[in-house]
Amino acid sequence: MKTGMFADIPVDIGVIYEGERIRKPDMHVELGGKKVDHKFELLRVKDEVEDGKITIIGPELKDLKEGSSISFGICIEVAGKELGEEMEGVFERRVHDFCNYIEGFMHLNQRYDIWLRVSKGAIKRGLTLQLIGKVLERLYKSELPIIEKIQITFITDPLKVQEMRSEAIKIYEARDARARGLKDEDVQVFYGCTLCQSFAPTHVCIITPQRYANCGAVSWFDGRAAARVDPKGPIFEVKKGKTIDEFAGEYEGVNQVVKEKSLGEFDRMQLYTAFGYPHTSCGCFEGVAFCIPEVDGIGLIHRDFKGTAINGLTFSAMADSTAGGRQVDGFHGISIEYLRSPKFLHLDGGWSRVVWMPADVKERVRDFVPKEVVDKIATEKDTGTIEELRKFLDAHAHPITERWKAAPAVAPAEAAAPTGAAEPAYAEAAVEASPLAAGGVVLILKNAKIYAEKVIIRREKRKK
Ligand code: SF4
């Protein structure tokens, strides 16, 4: 018989379920995710909250069509004598790890990008949104005792999700705007976050006033609030220490923390570049900055972009090449808010180096892009191929063309296709740290390159 805090919950609850993936064949339903336009999660600090109240607007999990993807919202309201509005962002981010403690329930991403799945097994055992609400309520109050009261609403009614999402977007924007203005030079400490290590074990986010976290959900102010409220939690103070290179964003204190938290995997991090020693990328990033060697430029793509980018790759393909807590030269996980930072890819040339981005993101950040460059950056509406892009940049006198004069860009035929490129003549797998297991032995390949003309994978026939 089950005992303890979750004895009445039909599935197991614990940190061991963090990192659990629910594949499509095992999924009962997908909540949010790429296939639906409307999804969000929001946490607010309120004066009045009905403690323990859990509300479901729309059908319960078991009544949703098996295999479907539906609009979904989570709204959490908390109260407590010592709570303040500045804590909302970091408490909201804990939805991610608390949901992932639940066996058969997967949570990815944040804010307006959430993607959850419930397994068929969990539904068979009786998991409901009501029970998920109870788990979240207990985890929030036990792990963050500063929260005295909590009420939770889940929304599966698509019209209500749409309506409440519009309000949530305004709240995220107001939060982000509050965090703008402060400079890295104005502070002596940054903040680190290792919340995503369950999915990317060597990843550590370094959050500075001018570099929002990859997930777009934690600002420097959020980091400060989190480290004060929960000093033993996943967000902690990072002393800057001696400045090694202010322009690149490299600091002794940051390098020390990165070395310690990545378990020695990395010992340098330059915050404002996509090359060399870039910030590591977990998997929660809102977008990817990717190198386009044919024009010596940088492209941007975000999670909601449905087509292929100028290099012929989808967001998912590039995210696979970027994620996992690695430093990938030329592929860099970023938040949308970081695009608004004056230090955005500072070392690489900032906006003068960006040559392609989705039209939707361009509109969202237009006011933060230098006026003399913004209309020289192509979108999917202007160009579909690298050759068209080259002509567009030339015709618009994009600043990148000055770099072409100084050092010619790589000719298309010579340009390296990143891992995952469509139909390469020969597949090249760059394996940084990949375990292969067989016969009880684990072989770890580090920084190995494997070349093969053909790869054949056969199921081994078991001997009877
Ligand atoms: S992306 Fe970074 S800041 Fe955001 S939850 Fe993950 S580790 Fe923390």
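The values are calculated or read from the model by the stated rules, or taken from the named source; none is laboratory data. What you are looking at is a predicted structure, and each value in this text was computed from that prediction instead of being measured. Here Cβ is always computed from backbone atoms with ideal geometry, including for glycine, and neighbour counts include all displayed protein chains.
Of everything listed in (1) without any contact (Cβ under 8 Å) to a residue 40 or more places away in the chain; (2) part of a strand (DSSP E or B); (3) more than 24 Å from Arg340 (Cβ to Cβ), the single unmet condition for Gln256 is (2). Has the stretch 271-280 got at least one residue that is in contact with a Phe, Trp or Tyr (Cβ under 6 Å, 6 or more places away or on another chain) and part of a loop (DSSP other than H, G, I, E, B)? No, the conditions are met nowhere in the stretch 271-280.
Please go through the stretch 263-312 and give me each residue that is of a type in the set (Lys, Arg) and within 15 Å of the ligand (Cβ to nearest atom), ordered by number.
Arg303
Could you list, in sequence order, the residues of the stretch 180-200 that are in contact with a Gly (Cβ under 9 Å, 6 or more places away or on another chain) and under 16 Å from Ala225 (Cα atoms)? The answer is Val189, Phe190, Tyr191, Gly192, Cys193, Leu195. Scan the stretch 418-431 and give yes if some residue there is over 13 Å from Ile298 (Cα atoms), in contact with a Lys or Arg (Cβ under 8 Å, 6 or more places away or on another chain) and at pLDDT 85 or above, otherwise no. Within the stretch 418-431, not a single residue is over 13 Å from Ile298 (Cα atoms), in contact with a Lys or Arg (Cβ under 8 Å, 6 or more places away or on another chain) and at pLDDT 85 or above. Checked against (1) part of a helix (DSSP H, G or I); (2) at pLDDT 95 or above, Asp97 passes all but condition (2). Quick check on Glu92: is it of a type outside the set (S, T, N, Q), within 17 Å of the chain's Cα centre (by Cα), part of a strand (DSSP E or B) and crowded, with 20+ Cβ neighbours inside 10 Å? So Glu92 fails the test.
Which of the residues belonging to the stretch 228-253 are assigned to a helix (DSSP H, G or I) and farther than 26 Å from Glu82 by Cα? Within the stretch 228-253, Glu252, Gly253 qualify. Looking across Gly349, Gly330, one residue alone is touching a Phe, Trp or Tyr at 6+ places or on another chain (Cβ under 8 Å) and surrounded by fewer than 20 Cβ atoms within 10 Å (Cβ to Cβ). It is Gly330. Scanning the stretch 1-33 for residues that are assigned to a strand (DSSP E or B) and in contact with an Asp or Glu (Cβ under 9 Å, 6 or more places away or on another chain), we see that the one that is surrounded by the most Cβ atoms within 10 Å (Cβ to Cβ) is Gly32. One residue alone among Ala225, Ala217 is under 24 Å from Ile336 (Cα atoms) and assigned to a loop (DSSP other than H, G, I, E, B), and that residue is Ala217. Just one of the listed residues (Arg403, Arg364) is within 27 Å of the chain's Cα centre (by Cα) and in a helix (DSSP H, G or I), and it is Arg364. No other residue among Val36, Val49 is assigned to a loop (DSSP other than H, G, I, E, B) and over 27 Å from the mean Cα position of the chain (by Cα) apart from Val49. Residue count for the stretch 142-200, restricted to those that are within 16 Å of the ligand (Cβ to nearest atom), of a type in the set (A, V, I, L, M) and part of a helix (DSSP H, G or I): 1. Just the residues that are buried (at least 17 other Cβ atoms within 10 Å of the Cβ) and small (Gly, Ala, Ser), please, taken from the stretch 132-159. The answer is Gly133, and nothing else. The residues of the stretch 201-219 that are near the ligand (Cβ under 10 Å from one of its atoms), in contact with a Ser or Thr (Cβ under 6 Å, 6 or more places away or on another chain) and farther than 17 Å from Val257 by Cα, listed by number, are Tyr212, Asn214, Gly216.
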